[in-house]
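In what follows, a single structure is set out as structure tokens and then discussed.
The values are calculated or read from the model by the stated rules, or taken from the named source; none is laboratory data. Bear in mind the structure is a predicted one, so any value in this text is a computation, not a measurement. Methodologically, a virtual Cβ is constructed for each residue, glycine included, from the backbone with ideal geometry; neighbour enumeration extends over all protein chains shown.
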């Protein structure tokens, strides 16, 4: 079963993905705090990590940097940045070098997210 | 003042009019006096002839001779004396004409004063002085000194930039938007749209036009990287005169206060738009979940409600993207990521959304894109937003039940995508302004819909693809918007060196996914 960790502090959004991904047969963990999210990511194996950028205690880009350090997590894990904040080019490029995808939350529906995850599997 | 002046003129005129009688009086006096003198001489001879009868014959002859001689002499003297004022007047006029300032010296005879001759001379002098003053004034206006001009240019808030035939800046005043340390066209601190720049315009005129003028509105200065430079907005007027040393002259008028307000509003809205995305994500997502989970069990009326919710939240999302894209474009932060794409992939990415938008608003949308079109270099999400904007526009300006066609075809090295409606169309005056920022036609102003940036940002995105967006319209018959894109093959060599090009990244709904070896 595909395992997904979602680090998202907006409960409405987090639980929205939780509901549709679980219905679609995914194993789904939700964390609403940056630090807790990082710990969860390091403690378990996940196929996908959905990572928000604006998070309490630890920002998404910091978590991304930590997770992508060699030996931290399984290199097979794919990290999808989920944000509603459009970065300027420099910030986007730096994410582009390490993340596997970068999606604007407002532009995708849960079904769309599932189809993207399926394409990336 | 005016009364004094009138009185002085009146006195002068009275004196001038008195000149004739003065001349007649003087002539009469001289003629009478000279004739009396001659008569006296004649009487003397007659008396001598009577007293000396022996010499009377001789005296008579001599007397007649003397009288005749005297008469000739006296008449000459009288005529000379009578005409001498006229001679002085003519001398005076000649001197005035030749600008010799000592001219009045010759009119200092007492008779000149009393007769009115001096009044005539003064009058002529006044006319001369007045016209000389007018000429001098005209001289100042038409040929001011260089210092005078430069001083004026430094005081004005209007910018002046003069460029030679190589587009080097040979002069600019301090109000002109010119970057320090540059003396060529790249020193212009003006941000033109795409290739519609002053230098492109001048280059297009070379060898073709002798003289030409044109203007640009709402041209901003170039923002710096850390955003702390004050944003300015200018109207720019350019005139070109081929072969002239100052071949191109630019005049810039700072309209920052007028235009800046809209821009400030936009920045504020852009800031707020980020916040709106949170609730939009939730509404869109939950409606999607409801449709997914209840879709089959919904009765048609409930399904319609959810569809309308979907359409509305999708439109809201498009508005937000237009605002954010415009804001990023204006800050020069909007970048497209181009990769070889089929037009069909682009239309497939939006067809569900636009079909729902059209159908729920009672329009019949058909999308007819052949499978065998050449590839184009496209940013799927950017181009998708453009198509969505154009279909939205077609919905807005057509009637319930009207049809909208999206079609694509190839022509030479380009692929054209057209969006046609059969709605209200628009007159040429509207077409000319259609792609301007914040432009809303009188129609959309009336219905208070539209932000005036949808077409502006669509054009910008298409131009970032190296393409163009055009429109053909007839009032009452409808409009066709056409996106023209270069084929991938025609630009691939240029693209591979461009930072916009990426084969590793696939754009997806305003974001991207890394392409891990296989084409998605």
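Observations, loosely collected:
- Of all the criteria given as (1) facing chain B (nearest Cβ under 10 Å); (2) buried (at least 22 other Cβ atoms within 10 Å of the Cβ), the one not satisfied by residue A:120 is (2).
- Residue among A:55, A:95, A:51 that is at pLDDT below 95, under 13 Å from the mean Cα position of the chain (by Cα), outside any strand (DSSP E or B) and more than 10 Å from chain B (Cβ to nearest Cβ): A:55
- Some residue of the range B:267-284 being modelled with pLDDT under 80 and touching a strand residue (DSSP E or B) at 6+ places or on another chain (Cβ under 8 Å): no
- With respect to (1) buried (at least 18 other Cβ atoms within 10 Å of the Cβ); (2) facing another protein chain (nearest Cβ under 9 Å), the lone exception for residue A:112 is condition (1).
- Set B:21, B:94, B:56: member being assigned to a helix (DSSP H, G or I), out of contact with any helix residue (DSSP H, G or I) (no Cβ under 8 Å at 6 or more places or on another chain) and farther than 21 Å from residue B:125 by Cβ: B:21
- Filter pass, residue B:498 being modelled with pLDDT of 75 or more and assigned by TED's automatic domain parsing to the domain that holds residue B:405: no
- Number of the condition not met by residue B:285 [criteria: (1) touching a residue at least 60 places away in the same chain (Cβ under 8 Å); (2) more than 21 Å from residue B:390 (Cα to Cα); (3) at the interface with chain A (Cβ under 8 Å from one of its Cβ atoms)]: (1)
Table: residues versus (1) more than 15 Å from residue B:324 (Cβ to Cβ); (2) in the same structural domain as residue B:310 (by TED's automatic domain parsing); (3) in contact with a helix residue (DSSP H, G or I) (Cβ under 7 Å, 6 or more places away or on another chain); (4) surrounded by fewer than 12 Cβ atoms within 10 Å (Cβ to Cβ).
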site: B:265; (1), (2), (3), (4): no, yes, no, yes
site: B:270; (1), (2), (3), (4): no, yes, yes, no
site: B:273; (1), (2), (3), (4): no, yes, yes, no
site: B:281; (1), (2), (3), (4): no, yes, yes, no
site: B:285; (1), (2), (3), (4): yes, yes, yes, no
site: B:291; (1), (2), (3), (4): yes, yes, yes, no
site: B:294; (1), (2), (3), (4): yes, yes, no, no
site: B:297; (1), (2), (3), (4): yes, yes, no, yes
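- Of the strands (runs of 3 or more DSSP E) that lie entirely inside the range B:130-232, those containing 1 or more residues that are touching a residue at least 40 places away in the same chain (Cβ under 8 Å), over 18 Å from the mean Cα position of the chain (by Cα) and farther than 30 Å from residue B:433 by Cα span B:169-172.
- Whether a residue is in contact with a strand residue (DSSP E or B) (Cβ under 6 Å, 6 or more places away or on another chain) and modelled with pLDDT of 60 or more was assessed, and residue B:476 does not pass this test.
- Boolean, residue B:307 is modelled with pLDDT under 90, assigned to a helix (DSSP H, G or I) and either surrounded by fewer than 19 Cβ atoms within 10 Å (Cβ to Cβ) or on the phi > 0 side of the Ramachandran plot (or both): no
- Complete set of residues in the range A:1-13 that are within 11 Å of chain B (Cβ to nearest Cβ) and either closer than 16 Å to residue A:79 by Cα or assigned to a strand (DSSP E or B) (or both): A:8
- Residue B:317 under 44 Å from the mean Cα position of the chain (by Cα) and either assigned by TED's automatic domain parsing to the domain that holds residue B:224 or within 23 Å of residue B:470 (Cα to Cα) (or both): no
- Residues that are over 34 Å from the mean Cα position of the chain (by Cα) and facing chain A (nearest Cβ under 10 Å), drawn from the range B:322-348: B:337
- Only residues that are surrounded by fewer than 18 Cβ atoms within 10 Å (Cβ to Cβ) and either more than 10 Å from chain B (Cβ to nearest Cβ) or modelled with pLDDT of 90 or more (or both) were counted in the range A:65-90, giving 10.
- Out of B:402, B:382, sole residue that is over 22 Å from residue B:457 (Cβ atoms) and either away from every other protein chain (no Cβ under 14 Å) or modelled with pLDDT under 95 (or both): B:402
- Yes/no for residue B:121 being touching a residue at least 24 places away in the same chain (Cβ under 8 Å), more than 24 Å from residue B:247 (Cβ to Cβ) and outside any loop (DSSP other than H, G, I, E, B): yes
- Any chance residue B:28 is assigned by TED's automatic domain parsing to the domain that holds residue B:125, without any contact (Cβ under 8 Å) to a residue 12 or more places away in the chain and under 30 Å from residue B:122 (Cβ atoms): yes
- Number of residues in the range A:98-107 that are more than 18 Å from residue A:2 (Cβ to Cβ) and facing chain B (nearest Cβ under 7 Å) equals 5.
- Hits in the range A:22-41 - residues which are within 11 Å of another protein chain (Cβ to nearest Cβ) and either in a loop (DSSP other than H, G, I, E, B) or touching a strand residue (DSSP E or B) at 6+ places or on another chain (Cβ under 6 Å) (or both): A:24
- Residues in the range B:99-124 that are modelled with pLDDT of 80 or more and more than 14 Å from residue B:19 (Cα to Cα): B:124 only.
- Any hit, the range B:294-302, residues being part of a helix (DSSP H, G or I) and either in contact with a strand residue (DSSP E or B) (Cβ under 8 Å, 6 or more places away or on another chain) or within 14 Å of chain A (Cβ to nearest Cβ) (or both): yes
- Residues of the range B:233-253 that are buried (at least 18 other Cβ atoms within 10 Å of the Cβ) and closer than 19 Å to residue B:153 by Cβ: B:234, B:236, B:238, B:247, B:248, B:250, B:252.
- Those strands (runs of 3 or more DSSP E) of the range B:313-397 in which at least 3 residues are touching a strand residue (DSSP E or B) at 6+ places or on another chain (Cβ under 6 Å) and farther than 30 Å from residue B:231 by Cβ, considering only elements entirely within it, cover B:364-368, B:376-378.
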